[in-house]
1. First select every other residue whose beta carbon is under 9 angstrom from the beta carbon of residue B:121; then total the charges, Lys and Arg +1, Asp and Glu -1.
2. How would you order B:223-233, B:209-219 from highest to lowest mean count of nearby Cβ atoms within 10 Å?
3. Whole-Hz ³J(HN,Hα) for each residue in the range B:329-336, computed from phi via Karplus 6.51 cos²θ - 1.76 cosθ + 1.60 with θ = phi - 60°, x for glycine and proline: what do you get?
4. For residue B:72, list long-range residues whose amide hydrogen, built 1.01 Å from N in the peptide plane, is under 5 Å from its own amide hydrogen.
5. Please get the size of the charge dipole for chain A, origin at its Cα centre, with Cβ charges of +1 on Lys and Arg and -1 on Asp and Glu, quoted in debye to the nearest 20.
6. Out of residues 5 or more away from residue A:91 or on other chains, whose amide H comes under 5 Å of its own, with H placed 1.01 Å from N in the peptide plane?
7. If amide H atoms are built 1.01 Å from N in the plane of the peptide, which residues on other chains or at least 5 residues away come under 5 Å of the amide H of residue B:102?
8. Taking a temperature of 10 °C and a viscosity of 1.306 mPa s, what whole-number D in µm²/s does Stokes-Einstein yield for the range B:4-235 with Rh from Kirkwood over alpha carbon pairs?
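What follows draws every value from the coordinates through simple rules; no lab data is involved. Just so it is clear, the structure is predicted and the values come from calculations on it, not from any experiment. All Cβ positions, even for glycine, are placed from backbone atoms using ideal geometry, and neighbour counts span all protein chains on display.
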Amino acid sequence: MNGDMSVIISGFGGQGALFAGILLCHAAVVEGKHTTWFPAYGAEMRGGAVNCSVNISDSDVPSPIIDEADAVIALNDASQEKFEHKVKSGGFMIINSSLSHLKTKRTDINYIKIPLNELAQKLTQPAFVNVIALGAFLEKTKILKIESVKEVMKEMAKTVSAKKAALLPNNLESIDFGANLIRQQMVTA
Amino acid sequence: MAKVLVKGNEAIAQAAINAGCHCYFGYPITPQSEIGEYMGKHMPELGRVFITAESELASINMVIGAGTTGTKAMTSSSSCGIALMQEALSAMCCAEVPGVIVSVMRGGPGLGNIAPAQGDYFQALKGGGNGDYKIIVLSPSTVQEAIDLTYRAFHLALKYRNPVMLLADGVLGQMMEPAEFGEYPYKDPDVSQWALDGANNRPARNIVSLHMPEGEMEMLTNRIFKKYEEVAKNETTYEDYLLSDAKLVLTAFGSVARVAKAAVKRARDNGMKVGLFRPVTLFPFPDKDLHDTAQKADMILDLELNKGQMLLDVRSAVFGACPVEFYGRPAGGLLTPDMIYNKITELYSKLENTQKAEAGVR
């Protein structure tokens, strides 16, 4: 009921959970889809889990608030704990196994465990765990084209500071790498 | 113009700029601080006025100052900040000073919290200021509507020489969705007949809210209320979502209404005749239209993020035409599509059982 795809992206402040959601929404706009992005703002932004809810749909998205998500991307253990019950039955959860060693609790959803922080070390530094996870999410769901996200990144690079713009190649590498993990079945899905 | 992905607060700010807002005065408060931030960046670039005031009291009184000159001016704040502006809002209505006030509600009472809420319906509609007065209140439900209603707010403020409030909440302020700005669609009235623009040999003008001579204040109040009748006649707006055959009609405003829409869709998919009546203008409240809707319905369910405030206006409009139920959460608790859907199924099966029982009696 929340449109074609609903996803909650969560992590601790600084991991880029909110930004991954923004990239996703911009890419949805590139593809002419309807989308909403709603962040948890406030006290939880300092230290605890930051999260955003993203809807992508071919038709109008009435509610930006998600009861149960098709997918959850948990960039740390606190996020796994907080949102495991929010995954729709039959949905999936991407878990950053570098930062979460929690046991999984459900048998009616799929888990994709990716040691994001370790894997990020193999890429040109700095690499981005949020963007790697986003690449994996997109390859798994095919809800939007990876190319659309890359287009957004390139457009964004034109409007930000030179220092940030210089990180464009790293972002492009990270998203391809994330998609490849699923494509090459390098992680259990 | 293509759609862009934009945050509710920033959409309001950019729309105000497009509407020709020449002065922004404000004091930061979550969840609307992005409005001031955006204005702080862009107003000076355009050679317009941006002032971070020392308080909300100062902000709204600066709006009065600018408004008396016929200049488009605005302030924005949230719950406890808007509380401080009530005296000035009363004065603006009395002195007929235009101005736009954006209220992005957070949890209350008191300093409350910064979570989304709708506890300031009374504050906006029933006022904390003294005397007989009304401010025009517009309630956006989407980011697109936040833009469109910001345009409308600036126009109505000048058209009726009255403060206009855009009443949003933390959900709408903080969320992003694609929207289109377009151009400011209104032709604003000439202000030269009343604005304080320097007498320069014409007779002096006075814009005041103190009228001591016997009978003067009564006359003025009656005249202003004639104006409010005009506002009601010309400006009342609501959204009809699947109402034509609805047995159960939901009433909701702002962000709750869009969440309710998701629940209505699901109820329709499951064969329940449910619709949504969404007031876009809260003053003027679409009471006649709601009454007509209620006459065709079996029940109204009012949904709000508070303990039941619009509920009073809903009941007064329905005026016994059908029963009115309320479902809400105060002070930062959110209603989700599932919660609303569950409430719908509960009430809908009650309705059907009652009707079956009545049919049995016959």
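1. Residues close to residue B:121 contribute a combined charge of -2.
2. B:223-233, B:209-219
3. In residue order, the calculated couplings are 9, x, 6, x, x, 9, 8, 9 Hz.
4. Long-range HN contacts for residue B:72: B:22.
5. With only Lys, Arg, Asp and Glu charged at Cβ, the dipole is about 440 debye.
6. So residue A:91 has HN proximity to A:110.
7. B:75, B:76, B:77, B:166
8. 90
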